[in-house]
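Structure, as structure tokens:
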Amino acid sequence: MRRLLLLSVAFQLLPLHASAQQDLFDRYFDKGCLRVDLHHTGIGEDEVYAIDALIREPYWAGNPRNLIDDMNLGEHIVRVFDLATNTLVFSMGYCSVYAEWATTDEALGGGAKTFHESLLMPWPKAPVQIRVEKRDGRNIFRSVFDLTVDPADYHITTESRYSHFKVKKVMENGDPGSKVDIAILADGYRSDEIHKMENDVEKFMKILFGVEPFRSRKSDFNVRLVRSVSGQSGVDNPRESKYRDNLFGLSFNSLELDRYMLSLENRTIRDVAAKVPYDQIIILANEQKYGGGGIFRLYSTCVSDNEFDGYIFVHEFGHAFAGLADEYYSSEVAYNEMYPLDVEPWEPNITTLLDPERIKWGHLIAAGTPVPTPDDSIHAGATGAFEGAGYSAKGLYRSSHDCIMKSKTLDGFCPACREAIERMIDFHTR
Ligand SMILES: [Zn+2]
């Protein structure tokens, strides 16, 4: 009952909150995007950021009514302050390849590695302080890097690369400021494979918008394809010494996991994506071998021609778009203690807590459902807390018997995932 009351109060406050944020945008920001490119180096336990470039891009596709990200998702958060008044004017949580690498044997053994990363924000009218924070072992954000940027600085480049790539509008439903804008980039497609590229995109859009809640919320999305072409077909596969001239350098065996397919060529990804307004990047690999990857608010990747490609596409988009965790728990992964059992994960679809009053999706659990919930035929369709999630068979719980984040199925997202996806769509559109 108390929960219901709180919800109705929050709902009444929403319009006021939204218009106040629109005022914030008009006061501090202009059209366009400030992109801060950074080299992020990890050496054992230490990490260092260095500025690579400052770039003015034509589009910022975010929601001007939601400049402050209060969802508390992601391993990092960037906070932007108006320098003159010390006012928080923008924030956004996100994840990085760096944060995943930092949990691998290579990193824990003292190895060093540099990753290229970008921070994106609406174009500030006046000098800003930009702060990057990262979660510590207790999941509390700690400041790791600060810089100031004066938008009048003549070092800020407006150079537009890859101007020969053409854009195809796959689905247009309205202004980027009130839609989820997806940029699809293609990797490992030669210039004579553009027809296949476009057909592959059509195939995956049918699959994605056939799954709830994307099906019901389809009109909240814009989808644009940048017809990015590579010199050769396919992507890199180190375990078979197969290296291709693919534009984004997508590669299997990322973080030494064969099916994990990431790109470390962030600058190229951002330069190509900048041709369209985007909130979310999907990189499609012209490949048959099973593989994909998804990092929250960075990108998702998927192969084009595998028997499970539809499932991979939707599953990885779930990671990248809504910050969903994996719900499976029996397969080999590269991470060490990804989720310490005495810290509640920030991901919306897994929990260490067993008190229905405190579980993130507790309001979805019907009265009388036992918690933990036995994974038997009686509770097969129930929403509860089922043990086994986040690569751990014990101590981590998911909301449902099955989910697209758990097994190779397109049968649907569990209730916790569905609600998290809806929340994210709302964040971009309301
Ligand atoms: Zn789920």
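The values are calculated or read from the model by the stated rules, or taken from the named source; none is laboratory data. Note that the structure is predicted; figures quoted are calculated from it, not measured. Every residue, glycine as well, gets a Cβ built from its backbone with ideal geometry; the counts of neighbours run over all protein chains shown. Accessible surface is based on the protein model in full, side chains and every heavy atom, while ligands, DNA and RNA are left aside. Shrake-Rupley method; radii C 1.70, N 1.55, O 1.52, S 1.80 Å.
Annotations for the structure displayed:
- Candidates are the residues of the range 411-427 that are open to solvent by less than 10 Å² (accessible area, probe 1.4 Å) and either in the same structural domain as W60 (by TED's automatic domain parsing) or more than 9 Å from the ligand (Cβ to nearest atom) (or both); the one that is nearest to Y329 (Cα to Cα) is I421.
- Apart from one condition, Y339 fits all of (1) more than 14 Å from the ligand (Cβ to nearest atom); (2) more than 21 Å from W101 (Cβ to Cβ); (3) touching a Leu at 6+ places or on another chain (Cβ under 8 Å); the exception is (2).
- Scanning the range 388-419 for residues that are of a type in the set (K, R) and more than 22 Å from the chain's Cα centre (by Cα) yields one hit, K394.
- Annotation note: of G318, G294, G310, G323, the sole residue that is closer than 19 Å to D200 by Cβ, within 16 Å of the ligand (Cβ to nearest atom) and of a type in the set (G, A, S) is G294.
- Filtered residues of the range 280-325 (kept if open to solvent by 10 Å² or more (accessible area, probe 1.4 Å) and either assigned by TED's automatic domain parsing to the domain that holds I425 or assigned to a helix (DSSP H, G or I) (or both)): D309, Y311, E316, H319
- Set T85, T114: member being of a type in the set (S, T, Y), surrounded by fewer than 16 Cβ atoms within 10 Å (Cβ to Cβ) and touching a residue at least 40 places away in the same chain (Cβ under 8 Å): T114
- Selected residue (criterion: farthest from the ligand (Cβ to nearest atom)) from residues of the range 373-410 that are of a type in the set (S, T, N, Q) and outside any strand (DSSP E or B): S377
- Selection of the range 366-398 for residues being β-branched (V, I, T), open to solvent by 20 Å² or more (accessible area, probe 1.4 Å) and either assigned by TED's automatic domain parsing to the domain that holds H76 or over 23 Å from A322 (Cα atoms) (or both) yields T369, V371, I378.
- Residue in the range 254-264 that is in the same structural domain as I182 (by TED's automatic domain parsing) and within 16 Å of the ligand (Cβ to nearest atom) present: no
- The residue list D150, D136, D175 contains one member that is surrounded by 13 or more Cβ atoms within 10 Å (Cβ to Cβ) and of a type outside the set (K, R), which is D150.
- Applying a threshold of 7 Å to beta carbon distances and a minimum spacing of six or more residues, or different chains, the list of pairs starting in the range 18-32 at a residue that is more than 11 Å from R65 (Cβ to Cβ) and ending at one that is open to solvent by 70 Å² or more (accessible area, probe 1.4 Å) reads Y28/K125; F29/K125; D30/K125; G32/R56; G32/P58.
- Residue match in the range 224-239 (condition: without any contact (Cβ under 8 Å) to a residue 24 or more places away in the chain and in contact with a strand residue (DSSP E or B) (Cβ under 8 Å, 6 or more places away or on another chain)): yes
- Of all residues in the range 138-151, those satisfying the criterion of being within 16 Å of V36 (Cβ to Cβ) and of a type in the set (A, V, I, L, M) are V144, L147, V149.
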